[in-house]
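Derivation of every value follows stated rules applied to the coordinates shown; laboratory data play no part. On a predicted model such as this, the values are computed, not experimentally measured, just so you know. Reconstructed Cβ throughout: ideal geometry from the backbone, glycine too, with neighbour counts over all protein chains shown.
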Amino acid sequence: MNIVDLYRRYFDEPSQKVQLYFAPGRVNLIGEHIDYNGGNVFPAALSIGITAAVGKRNDDLIVIKSESFENEVVIDPKEKIEFDQKYGWGNYARGMYKFIENPKKSLNIYLKSNLPDGAGLSSSASLEMIIGYIISSERKNNDDFKKRLSLLGKKVENEFIGVQSGIMDQFSIVFGKKDHGILLDTHSLNYEYVPVFLKNYKLVIINTNKKRELSGSSYNERKYQCEKAFELINSKKDINNLCEASIDDLKYIKDPIIRKRAKHVITEEKRVLESIEVLKKGDLKKFGELLNQSHKSLKEDFEVTGIELDTIVNSSQKQESCIGARMTGAGFGGCAIALVKEDEIENFERNISKEYFEKIGYKPSFYISNINDGVKKLGGDIDG
């Protein structure tokens, strides 16, 4: 059933005018765990994501229903908006309403997603951005509005949900551009669109089907370790963030764990910048090698992969049809990406599934996605 029919059936509005909106998921091509360290990242918006059907109400409430979850979320402008575990996914929507200036009200919102929940494709940030976009009173298609919306989503994560994440997810979901990655300086929020032409290769997203919860993982611990590394280096030389440090600066860190975390951040920053150069030259083979190096660093120095991601990536890298693979997202489960020859994808998926099932005991899922635009309203209003 399409989303308009789902909306009308759920809200019992068989002929109401409905507006449609879309927020993509995102994949980070390279540049992992450096967005909260002031580094450059290279994400892209996907063609899969969250679609919303929106109509008017006769009261002041905002009522949100997702096809993916049983509970309904009701936002009452007269109530005090606070985080409460009982709302589950609805806390992301409630957080956006709490922090956004002069939000709209009197809305019914029905959500339909083809993003796997908890897979590292940023379903939570997609939810924040689509709700924020819908309820913004002064929605504009300019950089200032998009940056404000992105920062509000980050504020929801940091201050409402309690996850000390960076700006990358929200930014890429809002600023996404078809067939382009976004080179984003997370310190200054300066950005550049970089064409991503994969020739006869496709970007294959592989879901481990092991869900992760960032607030319950080691994410915040890694952030603290990076902050400690920055303090130690910054006490010896003047830098603005950890990504400005050099490999030689690791000598200022005695703790072997903190040193490894810093090593990943410093080398990953270099891999991002090198990736931009090789993509501009059309050197996909070298880009694939950089993806492999990134995963190795995330496994050995940052230690955020785990047996599921390592099994998928190792298996992918062994396939002749694959020129590069790595985990993407925060890790601790979630997804990996691989660059695979388009005419070999079926064999690739079969081989990965077999090896993964034999080692892990269940199968992964595969998504073939194009690089797409950011959050937007779809077409005109739909009448009954």
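Counting other Cβ atoms within 10 Å as a rough exposure proxy, the listed residues Thr51, Thr267, Thr328 run Thr267, Thr51, Thr328 from fewest neighbours to most. Separation of segment 72-93 and segment 11-68, taken as the distance between their Cα centroids, equals 17 angstrom.
With all pairs of different C-alpha atoms in the average, the Kirkwood value for the hydrodynamic radius of segment 160-312 is 17.4 Å.
What is the Å³ per residue value for the convex hull set by the Cα atoms of segment 309-384?
Given the Cα convex hull of segment 309-384, per-residue volume reads 165 Å³.
Comparing the chain with the 2.2 N^0.38 Å rule of thumb, its C-alpha radius of gyration ratio is 0.99 (two decimals).
The calculated 222 nm mean residue ellipticity attributable to helices in the chain amounts to -11500 deg cm²/dmol, summing -39500 (n - 2.57) over DSSP H runs of n ≥ 4 and dividing by all residues.
How large is log10 of I(q)/I(0) for segment 98-212 at q = 0.09, 0.14, 0.23 Å⁻¹ when the intensity is taken from the Debye formula with one equal scatterer per alpha-carbon? One equal scatterer on each Cα of segment 98-212 leads to -0.28, -0.69, -1.47.
For segment 1-78, what is the convex hull volume of its Cα atoms per residue in Å³?
Working: hull volume 12.0 nm³, N = 78.
Per residue, the Cα convex hull of segment 1-78 comes to 154 Å³.
Largest GNM mean-square fluctuation among Glu79, Glu192, Glu277, using the chain with Cα springs under 10 Å: Glu79.
Available extension along the chain between Asp60 and Glu303 is 82.7 nm, counting 0.36 nm per residue and deducting the alpha carbon span.
If the chain linking Tyr224 and Val196 were pulled fully straight, counting 0.36 nm for each residue of separation and taking away their Cα-Cα distance, it would gain 6.7 nm. The charge dipole of segment 218-298, taken about the Cα centre with unit charges on the Cβ atoms of Lys, Arg (+1) and Asp, Glu (-1), comes to about 260 debye, rounded to the nearest 20.
Taking other C-beta atoms within 10 Å as the exposure proxy, Ser68, Ser136 rank Ser68, Ser136 from fewest upward. Going by alpha carbons, how many degrees (0 to 90, nearest 10) lie between the helix axis of 345-360 and the longest principal axis of the chain? That helix lies at roughly 80 degrees to the long axis.
Computed about the Cα centre, the dipole magnitude for segment 246-346 is approximately 440 debye when only Lys and Arg (+1) and Asp and Glu (-1) carry charge, each at its Cβ.
Relative to the longest principal axis of the Cα atoms of the chain, the long axis of helix 143-155 makes an angle of roughly 80 degrees.
Residue exposure proxy: Tyr252, Tyr356, ordered by other Cβ atoms within 10 angstrom of their Cβ from fewest to most, comes out as Tyr252, Tyr356. Quarter the surface of the alpha carbon convex hull of segment 266-311 and you get the mean projected area, 3.3 square nanometres.
Placing dummy labels 7 Å off each Cα toward the beta-carbon, the span from Glu13 to Lys236 is 6.1 nm.
Remark: the chain carries a charge dipole of roughly 160 debye about the Cα centre, counting +1 on each Lys and Arg Cβ and -1 on each Asp and Glu Cβ. Here, P(r) means the percent of Cα pairs in each 5 Å bin from 0 to the largest distance; for segment 229-384 it is 1, 8, 14, 16, 16, 13, 11, 8, 6, 4, 1, 1, 0, 0. If you wrap the tightest convex hull around every Cα atom of segment 19-132 and split its volume per residue, you get 125 Å³. The stretch between Lys78 and Asn142, if pulled fully straight at 0.36 nm per residue, gains 19.9 nm over its current Cα-Cα span.
Selection among Tyr219, Leu184, His33 by position relative to the dipole of the chain gives Leu184 as farthest towards the positive end (Cβ unit charges, Cα centre).
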